[in-house]
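To keep things clear, I will list the structure first and then write my remarks on it.
The values are calculated or read from the model by the stated rules, or taken from the named source; none is laboratory data. Bear in mind that the values here come from a model prediction, so they are computed numbers and not experimental data. Cβ: placed from backbone, ideal geometry, glycine included. Neighbour counts: every protein chain shown. These area figures cover heavy atoms from the full protein model, side chains too; ligands, DNA and RNA do not enter into them. Shrake-Rupley method; radii C 1.70, N 1.55, O 1.52, S 1.80 Å.
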Amino acid sequence: MTKTLSLLVGWLLDLVLGDPRQLPHPVVGFGKMIAFGEHRLNKGKNRKVKGALMAITLIILVFLVGWAIRHFLSLANIWLGVVFDTIIVFYCLAGTTLVREVRAVFVALDRSLEDGRRQVARIVGRDTSELSAQEVRTAALETLAENLSDGVTAPLFWLAVAGTPGMLAYKMVNTLDSMIGYRTERYKDFGCWAARIDDVANYVPARLTALLMVVASGRLGLLSFVAKYGRNHASPNSGYPEAALAGILGCRFGGPHYYFGQLFDKPYIGEEDRQLSTADMEKAVRINRIAEMLMVASTGIVVYLIHYLT
């Protein structure tokens, strides 16, 4: 019961506050750890082995430290464990911040194309300097769909599987992928294990996210659309939530993009190349929020049942 309480309170805090920019964030610490290791290890021979060892070590370390802190707090007082779980859920969820950032892109684009490009650069990894207004909107909505999985569904999935230590370990996995999991000259060897681990960690959550989005839309027939287009992505996972949103909005995502100066020719997801609008963004946000609530409710039930049965 206390774990379900921690989940609900942590989620409500994220819903109201978003990421606490004034407070230290564990993901910032994860990023510094990764950068420290990458600068010292990503050189010379055996880069793939060194990258694998760094990624696996950091993931295990985060899990064990999270488990130890929670264990000793709970031994001291059960409510200290509850507070710890609540804080971790709050920090590891990114639903509200994501929605705010995507809305800010559309507001900035209404001011000027250059403002829109600068704003969308905050949430995407691709080169935004030459994007058209339509491409800026598309990039923002693709990110909204993809990060519903990375920022909400996957952390909650791993919370259900391995508690808050598992949730923290997943955030390290995701941070590793976002920093070094690229197929560029610098990272293609050193970051390949980080990328593959992230693929495994997100395999179920990405497909679950697409399902929740389709359920949230009330159009279960879109599952065939998701099955058809979900694989049209360089990532084995990201295409599924993007396909779900493309089907819901009746639009097209994907296509060629520049990352770190290199052109990546991605396939298209969907066929209808129509102009996107602020109304589309609001519809996407509504679907996002309903899917998020469905995932929170499902996780709460699973956590409660696990506690009840054990």
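Which one of Ala216, Ala206, Ala201 is of a type in the set (Gly, Ala, Ser), more than 24 Å from Thr128 (Cα to Cα) and either at pLDDT below 95 or touching a Pro at 6+ places or on another chain (Cβ under 7 Å) (or both)? Break it down into steps so the answer makes sense when it comes.
Numbers: Ala216 fails: either at pLDDT below 95 or touching a Pro at 6+ places or on another chain (Cβ under 7 Å) (or both); Ala201 fails: either at pLDDT below 95 or touching a Pro at 6+ places or on another chain (Cβ under 7 Å) (or both).
Being of a type in the set (Gly, Ala, Ser), more than 24 Å from Thr128 (Cα to Cα) and either at pLDDT below 95 or touching a Pro at 6+ places or on another chain (Cβ under 7 Å) (or both) holds for just one of Ala216, Ala206, Ala201, which is Ala206.
Gly163 passes all but one of (1) open to solvent by 30 Å² or more (accessible area, probe 1.4 Å); (2) more than 17 Å from the chain's Cα centre (by Cα); (3) at pLDDT 95 or above; which number fails?
With (1) open to solvent by 30 Å² or more (accessible area, probe 1.4 Å); (2) more than 17 Å from the chain's Cα centre (by Cα); (3) at pLDDT 95 or above applied to Gly163, the lone miss is (1).
Return yes when Ala246 is modelled with pLDDT of 95 or more, open to solvent by 10 Å² or more (accessible area, probe 1.4 Å), assigned to a helix (DSSP H, G or I) and farther than 19 Å from Leu294 by Cα and no when it is not.
So Ala246 fails the test.
Give the residue, chosen from Tyr203, Tyr182, that is open to solvent by 30 Å² or more (accessible area, probe 1.4 Å) and in contact with a strand residue (DSSP E or B) (Cβ under 8 Å, 6 or more places away or on another chain).
Step by step, each of Tyr203, Tyr182 is checked, and only Tyr182 is open to solvent by 30 Å² or more (accessible area, probe 1.4 Å) and in contact with a strand residue (DSSP E or B) (Cβ under 8 Å, 6 or more places away or on another chain).
Within the range 21-30, can one find any residue that is loosely packed, with under 14 Cβ neighbours inside 10 Å, among the aliphatic types (A, V, I, L, M) and part of a helix (DSSP H, G or I)?
The answer is yes, given that some residue of the range 21-30 is loosely packed, with under 14 Cβ neighbours inside 10 Å, among the aliphatic types (A, V, I, L, M) and part of a helix (DSSP H, G or I).
Could you look through the range 264-310, keep only residues that are in contact with a Ser or Thr (Cβ under 8 Å, 6 or more places away or on another chain) and open to solvent by 60 Å² or more (accessible area, probe 1.4 Å), and pick out the one that is modelled with the highest pLDDT?
Tyr304
With the requirement that a residue be free of Cβ contacts under 8 Å to residues at least 60 places away in the same chain, closer than 21 Å to Asp273 by Cα and polar (S, T, N, Q), what does the range 105-141 give you?
If the condition is that a residue be free of Cβ contacts under 8 Å to residues at least 60 places away in the same chain, closer than 21 Å to Asp273 by Cα and polar (S, T, N, Q), then Thr128, Ser132 are the ones that fit.
Is it the case that some residue within the range 67-90 is of a type in the set (Val, Ile, Thr), touching an Asp or Glu at 6+ places or on another chain (Cβ under 8 Å) and in contact (Cβ under 8 Å) with a residue 24 or more places away in the chain? Don't jump to the end; show me each part of the working.
First, the residues of the range 67-90 that are of a type in the set (Val, Ile, Thr): 69, 78, 82-83, 86-89.
Okay, now just the ones that are also touching an Asp or Glu at 6+ places or on another chain (Cβ under 8 Å), so 89.
Filter again for in contact (Cβ under 8 Å) with a residue 24 or more places away in the chain, leaving 89.
The answer is yes; a qualifying residue exists.
Does Thr153 satisfy being more than 14 Å from the chain's Cα centre (by Cα), crowded, with 24+ Cβ neighbours inside 10 Å and modelled with pLDDT of 95 or more?
no
Are any residues in the range 92-118 within 26 Å of Asn174 (Cβ to Cβ) and among the β-branched types (Val, Ile, Thr), and if so, which ones?
Thr96, Thr97, Val99, Val102, Val105
Between Val16, Val62, Val102, Val49, which is in contact (Cβ under 8 Å) with a residue 60 or more places away in the chain, in a helix (DSSP H, G or I) and open to solvent by 30 Å² or more (accessible area, probe 1.4 Å)?
Residue meeting the stated conditions: Val16.
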